1. So how many residues does the stretch B:200-221 have that are within 27 Å of A:L426 (Cβ to Cβ) and at the interface with chain A (Cβ under 7 Å from one of its Cβ atoms)?
2. Is there a residue being of a type in the set (F, W, Y), more than 18 Å from the chain's Cα centre (by Cα) and at pLDDT below 85 anywhere in the stretch A:477-488?
3. Would you point out the residue of the stretch B:233-245, among those that are facing chain A (nearest Cβ under 7 Å) and either of a type in the set (F, W, Y) or touching a Pro at 6+ places or on another chain (Cβ under 6 Å) (or both), that is farthest from A:A337 (Cα to Cα)?
4. Is it the case that some residue within the stretch A:380-391 is farther than 17 Å from A:F352 by Cβ, within 31 Å of the chain's Cα centre (by Cα) and in a helix (DSSP H, G or I)?
5. Would you check which residues across the stretch A:123-134 are modelled with pLDDT under 90, surrounded by 14 or more Cβ atoms within 10 Å (Cβ to Cβ) and either touching a Ser or Thr at 6+ places or on another chain (Cβ under 9 Å) or in a loop (DSSP other than H, G, I, E, B) (or both) and list them?
6. For the stretch A:361-379, which positions are more than 9 Å from chain B (Cβ to nearest Cβ) and under 35 Å from the mean Cα position of the chain (by Cα)?
7. If you take the residues of the stretch A:335-349 that are in contact with a strand residue (DSSP E or B) (Cβ under 7 Å, 6 or more places away or on another chain) and at the interface with another protein chain (Cβ under 8 Å from one of its Cβ atoms), which of them is surrounded by the fewest Cβ atoms within 10 Å (Cβ to Cβ)?
8. Can you tell me which residue in the stretch B:223-232 is surrounded by the most Cβ atoms within 10 Å (Cβ to Cβ), limited to those that are at the interface with chain A (Cβ under 7 Å from one of its Cβ atoms) and closer than 13 Å to A:E359 by Cα?
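The values are calculated or read from the model by the stated rules, or taken from the named source; none is laboratory data. Not measured: the values here are computed from a predicted model. Here Cβ is always computed from backbone atoms with ideal geometry, including for glycine, and neighbour counts include all displayed protein chains.
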Amino acid sequence: MPDPVIRIDSVTKRFPGVVALNNVSLEVIPGELHSICGENGAGKSTLMKILSGVLTDYEGELLVKGIPTRFNGTRAAEAAGISIIHQELNLVEELSAAANIFLGREIRNRFGLLDNRAMEDEARELLEQLECEIDPRVLAGSLRVGDQQLLEIAKALSLKTDILIMDEPTSALTESEVERFYRVIQRLRERHVTILYISHKMDEIFRLSDRITVLRDGHLVETLNRDETTLRKVTHLMVGREIEEVDIGAERSAGDVVLEVENLWLPWPGHARAWRLQDISFSLRKGEILGIAGLMGAGRTELLECLFGASEEIPRGRIRLEGNPVVFRHPSEAKLAGIAMVTEDRKRLGIFSDMSVRENISICTLHETLRGGLVNSAKERKLAGEMIDSLRVRTAGDEAAITSLSGGNQQKTIIGRWLLTKPKVLLLDDPTRGVDVGAKAELYRLMDTLCGQGIAIVLTSSELPELLTVSDRILVLSEGSLTASFNRAEATEQKIMEAATLGGTANSAARRFSKS
Amino acid sequence: MATKNSTAGPGASFLRRHLTEIVLLLGCVVVFAFTAYVNDAYIRLFQYNIQHIIRYTSMLGIFAIGAAIVIISGGIDLSSGSMIAFGGMICCMVISVLAQAIAPDAADPTSGVPSWVIVVAVCSTLGVGVLVGTLHAWLITIVGLPPFVATLASLVGLRSLALIMTKAVTKWQGQQAFKINIQDETFMDIGSVWWIPLLIFVVVACLAWLLMNRTIVGRHLYAMGGNEEAARLSGIRTDRLKWLAYCMGTMTAAIAGILFSSEVGSSDPQTQGVGYELYAIAAAVVGGCSLQGGVGRITGVVLGALFLRVVIDAVAKLIGSGSSDYEGLIVGLLVVLAVAFNQLSDQAGGWKKQFFPGLLGWAAIPTIGCLVGASVLTPEGNPLLGLIAAAVTCVVLSIMKLAADFAGKKEA
């Protein structure tokens, strides 16, 4: 085996409350295509951020081409020949393709002015090498996503990159773009570029990789040769943790149907896949927890937003609440009808960071505190205080700033905000993200209690064990379509993972693999 | 400032939450006492001076409150100055037209008009304020313009429109003019009797305080200013709230427009309220509002307006003639100081930072020197004084920079 081009030696990265990478050691051989897989939150992104110089503060050692290295920024990583192509592309849309490639190291003529001609010529040459017909003079923003991605690859090549990190590169591509992308990968390999490839799509990984490394919960589980393993084995390694003893909600009994969704389509204007959600139908009963599984971008949040009247586009299809057809054009209408939603990104979409715990709890139900048309602060405090007590929110008091609370307690505050509206249906979008283990268990018990009171809950989560622990039924979304539905008894992580990685273009290929 | 943990006793947390107000109040007292000490005429004409400050604070405070409500709700209203001119014009126009209709043959129809005419005029002006606010809200929420652009268009457009309408109305009445004059004494009293603006200011402030602190709408305005998307996802109708906020902004400016016109007995679109939108924003910012939205209190804005006027008045008394030239400079300086004070107190070790690092630091030192030098120039003063002040500032700041650089190097 040749000397590794990258050696990662016992790298540990801690974030407040979480160990994102735990003593990970990995070697990357020159010229190989090395895939990194793992569930959401397994530590893939953290590892790539360390390699590309985005994260500079970690324990352990990194050797690039045999030299111990510690990058102090992405520039340093680029100088060492490592470039990263993020899932969210990093282009200045208002500049031309050529200008984007040479951003920050523009070619100048002898008067010190920009030499656009030289940059365009060089850009054209780079793009031709990638068999890609982009005019270097067009604005980056006017290109399709697939072309934008090739532009980023061209930029990386112009940096004399020999190690390229790609984070979910095909997630936004159409079928034909994916094929072209595979050909580009082949060309890169002919140039002996080492590629680190992150993807959720198993068919892709098995088609492209030489070796596959599986991460789980911040640990490196195993590095496998592609030829010596199977898709089944890899998915098993990805999810294969000991499943905790399930004792929550075993004897829950669902009541009447509260919510029915029939043939729901959500348009996605300006995107290659014209529909964000395609033909979704399901029903939800009183007192049950319906889990929604799916990878990033599968449409989990969008589905909840449709039910809550918060989607950007108006969905097509029928939604019936307690038998009556409903159309919500604004969340206030959904709130009035008895639907509540706890949003995914707590900081950005949930809390009011300038306000106190009391104000954050009472914001949806201030009308109950009115006396003579004015908000009565005694009533408001009573309302908030009771909710703080019943959910056991740990806070210095109802006047404490919301930002002084831990993630789990902030989440309870927001759940409390919505429980005050006495909802029939509670939509929880990844409620335990960024919440520590103890608080997670408390949130699970809380959901169970609410079910006992007859509330119907729809729960999404990026963690499968969580869905398996609390859900009565689990629906699986993949690229906007419903690909499977499991009862509590029949659901396993393996089955869900397979259904979640099936989808659109990858469908047939993945089926072939899962049979082998 | 409002987001600090309030685990201390209720007294301490009250002090902390109202730090801005306390500092402003103390500032007013200090500036006032200092002026009185230096300039003995200040005390001799005590009653006149106080009334003067109160009248102008009220006139500024009324539309500063409107501007502050817009800022707290997460927007910005640049139209106040032109809305003042436009509102004044509408009010005078209605009185003038009605007066002529009632007494077409009188030599001077606009004196001694029945009081119902004035009531109608005031109501129409407020109505026009609502219309302009509605236009802003429509442009922002439906058309999708940034608040800055929508209200900027009003800032430049309304003043021009006011002038066009003034010319049209005066021509139609006989003699084309740039102003509409109103001779009526009752009307002129509204703005010139010192306690009437104060009374209106107090009423507006109390209503605004009630709205912002004791009603659902007020709480929702704070929520929307702090996090608009979270507010929408909490079932708050953010579009309607914006409509209300922008109407508050233009209605308060319309009220101020009536006062400014009645003070001089005419509407003058070319000069009235020019640049006042920035004074209103300045008062709000000095009073503790964050331009990011969600933060600020009506009490702070009231004191912010008072502080601005007290300082402007003090400088006027100290300099004497030509003092109005200094108004803009003072407002600019106070805004920078107030916001810098808020920012730096919020950052850990904010005051200890190196203020003149690297190349930008070297470039900033002569800039500030020139500013100081130019500011001490007075028409009668010695030009040499400015040069000396500039040089001394540069030297002092350079020494500070070198000392900080040296300390920084030592640490590394």
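1. Total satisfying the criteria: 2.
2. First pass over the stretch A:477-488, keeping only residues of a type in the set (F, W, Y): A:486.
Checking which are more than 18 Å from the chain's Cα centre (by Cα) leaves us with A:486.
Add one more test, that the residue is at pLDDT below 85, and what stays is none.
No, there is no match, as no residue in the stretch A:477-488 is of a type in the set (F, W, Y), more than 18 Å from the chain's Cα centre (by Cα) and at pLDDT below 85.
3. So the residue we want is B:L233.
4. no
5. Once the filter is applied, which keeps residues that are modelled with pLDDT under 90, surrounded by 14 or more Cβ atoms within 10 Å (Cβ to Cβ) and either touching a Ser or Thr at 6+ places or on another chain (Cβ under 9 Å) or in a loop (DSSP other than H, G, I, E, B) (or both), the stretch A:123-134 yields A:L126, A:L130, A:C132, A:I134.
6. Within the stretch A:361-379, A:I361, A:T365 meet the criteria.
7. Of the residues in the stretch A:335-349, the ones in contact with a strand residue (DSSP E or B) (Cβ under 7 Å, 6 or more places away or on another chain) are A:337-344.
Add one more test, that the residue is at the interface with another protein chain (Cβ under 8 Å from one of its Cβ atoms), and what stays is A:341, A:343.
Numbers: A:M341: 29, A:T343: 24.
Per the stated criteria, the residue is A:T343.
8. This residue is B:A223.
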